[in-house]
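Asker: Below is one structure. I have some questions about it.
The values are calculated or read from the model by the stated rules, or taken from the named source; none is laboratory data. Just so we're clear, the structure is a prediction, and the values are computed from it rather than from any experiment. Backbone-built Cβ (ideal geometry, glycine too); neighbour counts: all protein chains shown.
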Amino acid sequence: MTMDKPKSNLYDLRINYSKASLNKTDVQSAPVDQFQQWFDEALKSQVYEPNAMVLSTVNEMGQPAARVVLLKEIREDGFVFFTNYKSDKARELEANPACSLVFLWHELERQVRIEGDAYKIDSHESDAYFAGRPYESRIGAWTSPQSKEIESREELEHLAEKTKEKFKGKEVTRPEFWGGYIVIPRMMEFWQGRPGRLHDRIRYVWESNRWKVIRLAP
């Protein structure tokens, strides 16, 4: 069986990366510190939504699922995001906390991969974050039956109006079915694009209660 060359010439789409390099001697001893350094550089470079990350989970059938969520806090022990605890991703994490995160910063020709386990953060921490969200976002958290089938956009907007009426003149507090997770890494890999596809890959692996730093072939 032969394959015809794609009409859109995808075979010819390529970029020769050359903006920076990455060596074991240059990185921080702890991967979260290295991530913070790269994240600060992404902010400085005005990368579009630098906190957007692909979260991958696995369901009970072993089927992986991926979606983009937003990183909301970098902690010494991991990475925090928020979601509806009744969503597909939350149900999958409840059954199997193993997950992965991917950050891609095109402007810097960089990628970060993280593998670890996700756990719910303290409810008081979720309360504090929720209280600082915009009004419409707090209403949205109460409104959306996330991952459930709905009939139409109009149904969702109707639910939003009912939620606003419910909280009219009241504080919009955090629903119990909404809150944060922290992903505690077991592996973190930093990828820097290089010319000729000879990219730099530095991986941190948690072994014997310490981070081991290795270099991988691209």
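Asker: Could you tell me how many of the residues in segment 160-196 are over 30 Å from Ile74 (Cα atoms) and either assigned to a loop (DSSP other than H, G, I, E, B) or under 28 Å from the mean Cα position of the chain (by Cα) (or both)?
Answerer: Applying the first criterion (over 30 Å from Ile74 (Cα atoms)) to segment 160-196 yields 160-170, 195-196.
So of that shortlist, the ones also either assigned to a loop (DSSP other than H, G, I, E, B) or under 28 Å from the mean Cα position of the chain (by Cα) (or both) come out as 160, 167-170, 195.
Looking only at that region, the number is 6.
Yes/no matrix, rows are residues, columns are (1) surrounded by 15 or more Cβ atoms within 10 Å (Cβ to Cβ); (2) touching a helix residue (DSSP H, G or I) at 6+ places or on another chain (Cβ under 8 Å); (3) in a loop (DSSP other than H, G, I, E, B); (4) modelled with pLDDT under 95:
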| site | (1), (2), (3), (4) |
| --- | --- |
| Thr25 | no, no, yes, yes |
| Val32 | yes, no, no, no |
| Asp40 | no, no, no, no |
| Thr57 | yes, yes, no, no |
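Asker: Follow-up question, since we're still on this one. From the list Thr2, Thr83, exactly one residue is of a type in the set (Val, Ile, Thr) and modelled with pLDDT under 95. Which is it?
Answerer: Values: Thr83 fails: modelled with pLDDT under 95.
On inspection, the qualifying residue turns out to be Thr2.
Asker: Applying the selection to segment 131-144, what residues are in contact (Cβ under 8 Å) with a residue 24 or more places away in the chain, touching a helix residue (DSSP H, G or I) at 6+ places or on another chain (Cβ under 6 Å) and not aromatic (Phe, Trp, Tyr)? It would help to see each step written out before you state the result.
Answerer: Initial filter on segment 131-144 (in contact (Cβ under 8 Å) with a residue 24 or more places away in the chain): 131, 135, 138-139, 141-142, 144.
Okay, now just the ones that are also touching a helix residue (DSSP H, G or I) at 6+ places or on another chain (Cβ under 6 Å), so 139, 142.
Matches in segment 131-144: Ile139 only.
Asker: What are the pairs with Cβ atoms under 7 angstrom where one residue, in segment 116-130, is touching a residue at least 60 places away in the same chain (Cβ under 8 Å) and assigned to a helix (DSSP H, G or I) and the other, located anywhere, is surrounded by 13 or more Cβ atoms within 10 Å (Cβ to Cβ) and among the aliphatic types (A, V, I, L, M)? Sequence gap at least six, or different chains.
Answerer: No pair meets every condition.
Asker: Does segment 42-54 hold any residues that are without any contact (Cβ under 8 Å) to a residue 60 or more places away in the chain and crowded, with 16+ Cβ neighbours inside 10 Å, and which are they?
Answerer: Correct list: Pro50, Asn51, Met53.
Asker: Same structure, new question: Restricting to segment 131-159, and then to whatever is of a type in the set (Gly, Ala, Ser) and in a loop (DSSP other than H, G, I, E, B), can you tell me which residue is nearest to Glu73 (Cα to Cα)? Spell out how you get there, then give the answer.
Answerer: Initial filter on segment 131-159 (of a type in the set (Gly, Ala, Ser)): 131-132, 137, 140-141, 144, 147, 152.
Going one step further and asking which of them are in a loop (DSSP other than H, G, I, E, B), we end up with 132, 144, 147, 152.
Details: Gly132: 14, Ser144: 24, Ser147: 24, Ser152: 34 Å.
Result: Gly132.
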